[in-house]
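So the structure is just underneath, and the comments pick up after that.
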Amino acid sequence: MFLALREIRHEKLRYSLIVTLILFISYLVFILNGLATGLSDLNKSAITQWQASKILLDKDAEGRLTQSFLDSDDQKKVSGQGTAISQYSTLVKNSHADKTNAQILAIKSDGFIYKNIKIISGHRFTGNNTATVSDELKKSGFKIGDEITIANSDAKLKIVGFTSNASLNVAPVIYTSFQTLKKINQAPVNALVFNKKITGDAHFKNSKLYTINSFIEKLPGYQAQQLTFKL
């Protein structure tokens, strides 16, 4: 120990460089960890807000919400237990020509997802052609009262409220009704989301039940991003 301390005092420059290198590596690890956490939240923050436990998807969709077209017979087996959801990815803009990519999610106003939307200003959508949107859209110039124009569609959605930290697949979420989304897209039921234990016949012919954590792991690019940063 005595010799080591003498060596450090004698070679101050060398050991100062070693300590500096260690500090830089520690800072790099800290930045990468923060970046991984941030990207993770951008992918799943809306899903976390749902406070759900399981999700039922088409068994051939490989856990992807947009690829899922839920079988009507399987829906009937759990009728009244879950809340339906439909996803549509698109480009949106307001009257000021501000544009951004967004994920439009159709949900039912009597379901638990609707009730779990955290409102920071305005209110939840209450009728057709209205929407509650992520506050991320504020950064792109969107505000309450704006009419959102959907790419390749004549439909317009009026912003009636903002919700906090709602993003999916690194894009802000726009919540609206199924009736509204049907004007833009056919709006099939992509999934049923559950926040309680499923009762009755849970044997599905054309569908597969995932835990919410498993569903998040299968989000496009999510696992690859996390593995890269962790490595």
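Only protein heavy atoms count here; under a 1.4 Å probe, residue 123 has an accessible surface of about 90 Å².
Probe of 1.4 angstrom, ligands and nucleic acids ignored: what's the accessible area per residue over the chain, in square angstrom?
57 Å²
A dipole drawn for region 130-229 from +1 and -1 charges on Cβ atoms has a positive end, and of 174, 219, 191 the residue lying farthest that way is 191.
Magnitude of the charge dipole for the chain, about its Cα centre and with charges confined to Cβ atoms of Lys, Arg (+1) and Asp, Glu (-1), is about 400 debye.
Set the Förster distance to 22 Å, then compute FRET efficiency between residue 53 and residue 119 from the Cβ-Cβ distance, nearest 0.05. Walk me through the numbers before you get to the answer.
On the way: r = 23 Å, r/R0 = 1.04.
According to the calculation, E is roughly 0.45.
Enter the Cα centre distance for the pair region 24-49 and region 134-158, rounded to the nearest angstrom. Cα centroid of region 24-49 versus Cα centroid of region 134-158: 27 Å apart. Of 68, 214, the order by accessible heavy-atom surface (1.4 Å probe, DNA, RNA and ligands excluded), from most exposed downward, is 214, 68.
For the chain, the carbon plus sulfur part of the accessible surface works out to 54%, probe radius 1.4 Å. Relative contact order of region 26-101, please, whole-number percent, based on alpha carbon pairs below 8 angstrom and at least 6 residues apart. Relative contact order for region 26-101 comes out at 15 percent.
Using the reciprocal of the averaged 1/r over all distinct C-alpha pairs, how large is the Kirkwood radius of region 103-155 in Å?
Taking the inverse mean of 1/r over all distinct Cα pairs, region 103-155 comes out at 12.5 Å.
Counted by Cβ distance under 15 Å from residue 70, the other residues give a net charge of +2, where Lys and Arg count +1 and Asp and Glu count -1. Counting heavy atoms of the protein chains alone, residue 7 has an accessible area of about 70 Å² for a 1.4 Å probe.
Name the shape class, rounded, prolate or oblate, that the alpha-carbon gyration tensor gives for region 32-163, where a ≥ b ≥ c are the square roots of its eigenvalues, rounded holds for a/c under 1.5, and otherwise prolate holds if a/b is larger than b/c and oblate otherwise. Prolate, since a/c reaches 1.5 and a/b exceeds b/c.
Projected label points at residue 67 and residue 29, each 7 Å from Cα along the beta carbon direction, are separated by 3.6 nanometres.
The modelled label-to-label distance for the pair residue 228/residue 9, using points 7 Å beyond Cα in the direction of Cβ, is 5.0 nm.
Packing, taken as the mean count of other beta carbons within 10 Å per residue, orders the peptides 145-152, 159-166, 21-28 from highest to lowest as 159-166, 145-152, 21-28.
Checking [x] 115; [y] 158; [z] 179 against the coordinates, the calculated volume of the Cα convex hull per residue in Å³ falls under label [z].
Given the Cα-Cα distance of residue 144 and residue 108 and 0.36 nm per residue of separation, how much length would full extension add, in nm?
10.8 nm
Take every Cα pair under 8 Å whose residues are at least 6 apart in sequence, average their separation, divide by the length of the chain, and the relative contact order is 31 percent.
The values are calculated or read from the model by the stated rules, or taken from the named source; none is laboratory data. What you see is a predicted model, and the numbers here were worked out from it, not measured in a lab. Positions of Cβ are backbone-derived with ideal geometry, glycine not excepted, and every protein chain shown enters the neighbour counts. Surface accessibility is based on the protein's heavy atoms, side chains included, excluding ligands, DNA and RNA. Shrake-Rupley method; radii C 1.70, N 1.55, O 1.52, S 1.80 Å.
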